[in-house]
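The structure appears right after this line, and notes come after that.
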């Protein structure tokens, strides 16, 4: 695996934690460069970004041990909790969204949603995003 793939993986990983990153721009540049297989680039970006989402989900699980969600008493927090609980793991299809995606992964972990289906929905949402980004620059 070339250094550009390692860079794409780590950029995607960092972009999917609570830290900002520029994985879409890096993917677009690599796709435009046309030196590497399109599907390999999408796969590496998706893998890194999914792993970041899983880490954020896990952080939510760890926080839940010390701070159960029921301790949040603000009405908007309770509304958000009910919405995520009603939608279930499928809400993680939206984990690719800027600003709200990372907190969704965190809250899903905090609420102890099913990890297996959660990971599948995280991966699916992020794969679709990277396919769209790559498609714009082919």
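If you take the residues in region 10-34 that are more than 17 Å from the chain's Cα centre (by Cα), surrounded by fewer than 19 Cβ atoms within 10 Å (Cβ to Cβ) and modelled with pLDDT of 90 or more, which one is farthest from residue 92 (Cα to Cα)?
The extreme case among them is 33.
Only one entry of 131, 59 meets the criterion of being at pLDDT below 95, within 30 Å of residue 3 (Cβ to Cβ), surrounded by fewer than 18 Cβ atoms within 10 Å (Cβ to Cβ) and over 10 Å from the mean Cα position of the chain (by Cα), and that entry is 59. Comparison of 99, 65 shows that the only residue that is part of a loop (DSSP other than H, G, I, E, B) and without any contact (Cβ under 8 Å) to a residue 12 or more places away in the chain is 99. Assess whether residue 17 counts as being part of a loop (DSSP other than H, G, I, E, B) and in contact with a helix residue (DSSP H, G or I) (Cβ under 6 Å, 6 or more places away or on another chain). Here the answer is yes, as residue 17 does meet what is asked.
Mind listing whichever residues of region 34-61 are in a helix (DSSP H, G or I) and free of Cβ contacts under 8 Å to residues at least 24 places away in the same chain? 39, 43, listed by residue number.
The values are calculated or read from the model by the stated rules, or taken from the named source; none is laboratory data. Note that the coordinates shown come from a computational prediction; the quantities given were computed from them, not determined experimentally. Don't worry about glycine lacking a Cβ; one is built from the backbone with ideal geometry, like all the others, and counts go over all protein chains shown.
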